[in-house]
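Below is one structure; the comments refer to it alone.
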Amino acid sequence: MEELKGKPENKSQITPFNSYSGYLKRKYRTRAYRVSVDAGFSCPHRGSDRRNPGCTFCDEYGSRAVYQEEVHKTGDRFVSLKNQIERGIGFLKKRYGAEVFLLYFQAFSNTFAPIEELKQIYDYCLNQYSFAELIVSTRPDCISAEVADLLASYMKRGIDVWTELGLQSSRDETLLRINRAHTVRQFKEAFQLLRQRGIKITVHVIFGLPGENKREIMGTINYLAGLEPEGIKIHNIHIPRNTMLYEEYMAGELTVPSSARHLEYVVDALELLPPKTVIIRLTCDTPSERLGIPAVFWNKSLFYKKVRETMLKRNKWQGRLAKFKQEEKDDR
Ligand code: SF4
C-alpha cells in the first residue's frame, strides 16, 4: 500500500496528510463506505434510557447520525438493525455508487453490554451482508480482555476490525473537567488490550476543550504519536444546546476556537503525527438544529481544502516533525 513516508514529491498530486478517503481508495480500489448502525447500546454514563448526564459536551444523541433509527424506540432490535443495514447500503449505492461496505457501530458505547449480547448483535449484523470491515466505537472503560478477544475473533472472517476509542485529551485534569469518568491510564490499558490482538485503533480527540490551548492540545497529539494509532479522529469542539458545556459557555466560562484557529491546530498536529496514522476526520458535524456553538464554522470540504493549501504553501506534511524512526516501525 502506498503511504506517506516523507516529503511529498509532487505537490499538485498528493494530499500532504494520510486522508481516510485516500486510505480507502488504496485499500479497496473502489468506492468503500461506512454503513452506520445504532444497535441501541447506551454508555456507562447515561443509564439504559440514555438520559443521564454524561460527558459535558454530549447531548442525548451520543454521536448517533441523524439518519440512524433509534432502536429502543422502534421495538425489535434485530428488525431495526436489518432495516438500518438495508437502508444504509441502498442509500450509499444509489448516492455514491458504493461497492464495498464497512459495518460501523457508531452511536454511544458499542461494547457496553454483556459479552453474549455483544456477540449476538455483531454476529447478526455481520451476517446480513459481506462487510469488509467491522468498526466499533466505544469508551476505554468498556474494553476488557474478554471484549477485545471477541472483537479479535472477527478477524478470522478475513476482515479488518477497528475500534474507535474516545480519549479527547491526554490530561486527566481535562477529563475530569469534562466529566469523562475515565482516566488516561484506563485509555492506555484499553489501547494495549486491542493492540496486542491486532485490532486497529482510531483515537478520538477534541481540540478546544475547557482549559486547553495549543500547548495542551499538542501534548495530547505527542502522547498519541508515541502510541502510533492506526487512525485518528480530530474534532473541533462542537457544543450542542442541550449540554452542560453549553451552560458553561453561556455563563462565560469558556471560549471556542474559530475555524482559523482550528486550522492552525490541525496543521501543527498533522506534522507531529506518524505518516502511517490515517486521518479519519478533522472536523465535527453536529446537525444545525442541535448545535449551539460555534455559530459559524467552515464546512468540511472548505476546511479540508484550507488544510491542504496551508500545508503545501508552508511546505509542511504529516509526520515532518514526528519523533520516531519510521524504518524501525515498518515491520510492525
Ligand atoms: S461516553 Fe460517549 S455516549 Fe457516553 S456521555 Fe460520553 S460522549 Fe456521550
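The numbers here are math on the coordinates, done by the rules we state, and not lab data. What you see is a predicted model; the values in this text were computed from it and never measured. Neighbour counts are summed over all protein chains in view; Cβ atoms, including those assigned to glycine, are modelled from backbone coordinates with ideal geometry.
Please list the non-local residues whose amide H lies under 5 Å from the amide H of residue 292, H modeled 1.01 Å from N, same-chain partners needing a gap of 5 or more.
Distant-sequence amide H within range of residue 292: 239, 241.
Just to confirm a number: summing +1 for Lys and Arg and -1 for Asp and Glu over residues other than residue 189 whose beta-carbon lies under 13 angstrom from that of residue 189, what do you get?
Cβ neighbours under 13 Å give a net charge of +3.
For a test of the definition: using alpha carbon positions, the gyration tensor, and the 1.5 limit on a/c, classify the chain as rounded, prolate or oblate.
rounded
Could you check which residue among 30, 243, 163 shows the biggest mean-square fluctuation in a GNM of the chain with a 10 Å Cα cutoff?
30
About the Cα centre of the chain, how large is the charge dipole given +1 on each Lys and Arg Cβ and -1 on each Asp and Glu Cβ? Please answer in debye to the nearest 20.
Working: 52 positive and 41 negative charges, 252 e Å.
For this selection, approximately 1220 debye.
Please state the charge dipole magnitude for region 232-332, taken about the Cα centre, from unit charges on C-beta atoms (+1 on K and R, -1 on D and E), reported in debye and rounded to the nearest 20.
Numbers: 18 positive and 13 negative charges, 97 e Å.
For region 232-332, the charge dipole is close to 460 debye.
Return the Rg/Rh ratio of region 184-229 with Cα-based radii and a Kirkwood Rh.
1.02
Under 5 Å between amide hydrogens, which residues at least 5 positions from residue 160 or on another chain qualify, with H placed 1.01 Å from N in the peptide plane?
134
Just add up the charged neighbours of residue 116: K/R +1, D/E -1, any other residue whose Cβ is under 12 Å from the Cβ of residue 116.
Result for the neighbourhood of residue 116: -2.
In the chain, what percentage of the DSSP-assigned beta bridges are antiparallel, given to the nearest 5?
5
Compute the separation of the alpha-carbon centres of region 77-96 and region 248-316 and state it in Å as a whole number.
30
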